Each structure stands twice: as C-alpha cells, then as structure tokens.
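No value in this document is a laboratory result; all are computed from the given coordinates. As the structure is a computational prediction, the values presented were derived from the model and not from experiment. Don't worry about glycine lacking a Cβ; one is built from the backbone with ideal geometry, like all the others, and counts go over all protein chains shown.
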Amino acid sequence: METTKTPAPADTATETPEGVTAADTTAGEPVVLDKDVAAEADEADAVDETDANDETDANDETDGIDEAHGTDGTDASEERTGGVGAAAGAIAAAALATVALSGSWVSRVAAERENLVNQLDLSAGADNNEKIAALYSSPWHATALANGVLATLALLVAVFVLARPAFGTPGRTLPTWVRSVAWAAVALAALGIVIFALMYFDVLLPVPTAPAQPAG
C-alpha cells in the first residue's frame, strides 16, 4: 500500500527588510524606504539643530552686550560724549599751562600797556628808582599776573576733568591718556602759579635798585 507524503506547509512569515516599519507592512506589501532620502533628512535635522544653537548663542551674547552698555544705547552715547568732553578739557588745560609758562600774547600786551601808562605818569624829575619801578618793575608784575591767571585757569580745568567721573556714572573711569594729560596740566599749572607768585612779590628775581646819588 502506497502512502502519499503531504509536503510541509510553507512558512508564510516573511523577513522584514531593513528600513521597513510595521506600519509600512500593514497594507500587505512591504514598502522599502530609500536610504539616501533618510540620510538627507537626518542631515537636514542636524543642520537645523546647529543653526538653532548658533542663534541662541548669538542672542545670549547680544543680551550681554546690552546689559553692559544699555539696551537702548543711551548709556554708550553718554559715555562717548563725556569721554570727548574730558579729553578736550585735558588738552585745553595742558595747552593753557604751557602757554602760561612760556609767555602769552595777553601778558605781553598787559606789560606794554603798563609801561606806557607809567611813562605818561612819570614826572621829569623822578629819580632812578622811580624810573625802574615805573618802566620795568610794574610791567614785569603785570606779566606775572596775566600768566598767573592763565595758570590758575588751567589748574581749575584740569582738576575738574579729573574730578568729573566721581560725580557721574558709578564705576566709570577716564581713559589712561586723558588722565595723564590732565595730571600733566595740573603739574605745569601748579609750577607756573608758584613761579609767577614769587615773581609778582619780588621774591624770585627781585627788581634791582639804583644806588643813592650823593648829595650835590
């Protein structure tokens, strides 16, 4: 008696290819995703994430700058204006002090005017000491006085420049070169004031006196 062997049933389970999800196989026919498209999508996501991080860093940096200088730029503008004014004041003070020490046109005119006035008032019978006082001593005093006024003005301007930040925005300081010029102006002006005061009161370079004339 012949027996017929029934073949074993074929395995109906199929292997899911790589890149196919369960949702893709629900329709009965597997759909294989394109690997190049998936790679491009991953690369695009990475680029978007990098751009987002860069934008966040830029925003943080901008916020830090705004906090340091003011969000509306007002503080930065005021600081620039104050810095320009302080620099101009320091340079002007140094120039005035230098002019005072070297001699100014104002002091020369004052001395010549004093000399002319004294010549008009000098009598013909004046002795030598009176002539010296009228023609030399008085003009010298006028020169010392005029230059002393310029030196005092330079000192006041320089001190104002150095003291201005103490009454302004807390924590604000002047540039190094502005402070250096202002301190140089203070030194020159103070030296000029001392010299001119000593000359005005005949302590430095006193006016010579003529010997007494023998009685005739």
Quick check: pseudo-label points 7 Å beyond the Cα along Cα→Cβ at residue 91 and residue 131, how many nm apart are they? 5.0
Here P(r) for region 74-185, Cα-Cα distances in 5 Å bins, as whole percents, is 2, 12, 17, 14, 11, 9, 8, 7, 6, 5, 4, 3, 1, 1, 0
If you stretched the chain out fully between residue 122 and residue 159, how much longer would it get, using 0.36 nm times the residue separation minus the C-alpha to C-alpha distance? 9.0 nm
Dimensions in Å of region 134-216 - Rg and Dmax from alpha carbons: 20.0, 78
By per-residue mean of other Cβ atoms within 10 Å, what is the highest-first order of 198-207, 121-130? 198-207, 121-130
Rounded to the nearest 0.05, what FRET efficiency do residue 202 and residue 173 give with R0 = 41 Å and r taken as the Cβ-Cβ distance? Could you check? 0.40
Cα-centred dipole magnitude for region 102-216, charges only on beta-carbon of K, R (+1) and D, E (-1), debye, nearest 20: 740
